Structures are given as structure tokens and as C-alpha cells.
Amino acid sequence: MSIPIYQVDAFTDRVFGGNPAAVCPLDAWLPDAVMQAIAAENNLSETAFFVAHGDADGGAAGPDDGGWDYHLRWFTPGVEVDLCGHATLGSAWVIFNRLAPDRSTVRFHTRSGILTVRRDGETLAMDLPANPPQPGEAPGLAEALGATPAEILTTRDHYVAVFRTQAEVRDLAPDFGRTAALDRWAVMATAPGDGVDFVSRFFAPRKGVPEDPVTGSAHCVLTPFWSQRLGRTDLSARQISRRGGSLACRLLGDRVELSGRVAPFLQGTIEI
């Protein structure tokens, strides 16, 4: 069996920056174990798989109010996840630039509902659900990060460690064993940015991703927080991992619009 594969760098305008994602368009779903094995073989933070979504009984895809619909799933090297922003952006780039260049909007049916991506010149704007964090406690978090945050917030799946300066976030050297042992599967560290509204880093060793280069889903959490803190709905953000990446963030009620660019890296075929 031959499966097309694209690898792109999301939230960057240059190759070797941003967050790499593998994207595999499929005619029909493969067994879950095969998709998980492909993601493990790719060894990227996420591999996205999508199939065309048509009528209720699975017919061919077609236009709907000017857009195009697909079912989309995401796998880390270890598990399937409920939401992945950068691989969604990468999947939309593949559709717009390789599969359906006449389209300007695409909708993905996912575990997190319908996610829409629209083309805006060279930038792609992605609509995701907001996930505002709440104040909380996190026993063991300071030890896991090797630094004590000024403030701790939580969601169902994440701890958010708020620091006072970008330098504190940049200099973190987490103990990934302790991070994986926390009772949330991911930790994000954030602070006001130098030259941008806020910066962040994202750690998810329990999901097979010790540090994610750029994390769209994290900004579903961080955008509502910083919007409230700064009193603005339009924000600039940078994830200060080694590769780094930039995002424009906009809070739209209970949704977040994240915008960024995508750089293609490779196109090929998987043989299994």
C-alpha cells in the first residue's frame, strides 16, 4: 500500500523553524494501530490523517457553503490526541496548496468539533475552541520545572505556570520524569514577552513529546488568559522553544483564532 505524506513546518515562514508535522491524506481510514505505527515511525510531535467527508453515508466530498470538509485525526508517537493546532494548520496548507488550490476555506470534523481554516494570503487563520484556565494548585510542579512560578492555573488536561519574565521561561530546564508524573498530561510555562504580548513553552512527556516546538492547542488556553490580563482581544505570541514559532491570536468569545504561516519541507510516499 502506498500512502502520500507531506511534512511541513507550521507557525513559521522558513524551513527548520516552527513545529514540524506530517500530513497523510487518505482515501479511507487505516486501522488505528497502523496510523499509530506510522506516527511512531515519523517520530514527530504529531502526524495528521484526514479523509474526505461527504454525505451522511460516507459519499464523496463536496463543497458546502464555499468550503470543503474532511475528517481529521492526530497522533503523537505514542497516542491519539483530542486537539492539535499545528498539524491542523499543516493539513489545511496541504489541501490549499497541493490538493484543492481553488479552495479558500476548509472545515475539519474532529474530536474537538468542527475546526475551520481559511486562507488569508500567505497566512492561514484557524478557528479553535477557547479553553480558559482557572486558578489552581499543582503539587510537585515547581520541582518538575526547576523553578517556582508566580501563578498557577489549570485546565482539565494542563497546568499553566505563569512567570514574571521571558527569561525565566527561556531558562527552564524541566525534569521530564517528574513532569510526566504530574496529574495533568501537559505543562505550559508562560510570561509577558519581549517584543510580543506573551511567550510560552509546552511540555508533554507523558504523550511522547518532551517539549513541543509550537503548540496551537496551548494558545486556546493562553489566549483567553492573556486577553483578560492585558485587556485586549488581539495578541501577538511566540513560543520560545529551540525552533521557535510565531502566532497571531484573537479571542472571539468562546473561540480562538490563531494565524500563522506554513513552510513545506518534503513530499513523498509511505510504503507499507
Quiz item: If you wrap a convex hull around the Cα atoms of the chain, how much volume per residue is inside, in Å³?
Solution: 126
Quiz item: What Kirkwood hydrodynamic radius, in Å, does the range 73-201 give when the mean of 1/r is taken over all pairs of distinct Cα atoms and then inverted?
Solution: 16.8
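Just add up the charged neighbours of Thr179: K/R +1, D/E -1, any other residue whose Cβ is under 12 Å from the Cβ of Thr179. Could the numbers behind the result be given before it?
Values: positive: Arg178, Arg184, Arg201, Arg206, Lys207; negative: Glu143, Asp175, Asp183, Glu211.
My count for the surroundings of Thr179 gives +1.
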Quiz prompt | Computed [θ] at 222 nm, helices only, for the chain once each DSSP H run of length n ≥ 4 contributes -39500 (n - 2.57) | solution = -5500 deg cm²/dmol
Self-check item: Between the range 244-272 and the range 5-54, the Cα center-to-center distance that results, in Å
Solution: 12
Quiz item: What percent do you get for the relative contact order of the chain when only Cα pairs under 8 Å and 6+ apart count?
Solution: 23
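Which value, in Å³ per residue, describes the convex hull spanned by the Cα atoms of the range 148-205?
So the per-residue Cα hull volume is 75 Å³.
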Quiz item: Which translational diffusion coefficient, to the nearest whole µm²/s, is obtained for the range 134-253 from the Stokes-Einstein equation, given a Kirkwood hydrodynamic radius over C-alpha pairs, 4 °C and 1.567 mPa s?
Solution: 92
Self-check item: Antiparallel DSSP beta bridges within the range 134-253, percent to nearest 5
Solution: 70
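FYI, it's all coordinate maths here, none of it is from the lab. What you are looking at is a predicted structure, and each value in this text was computed from that prediction instead of being measured. Note: ideal-geometry Cβ built from the backbone for every residue, glycine included; neighbour counts use all protein chains shown.
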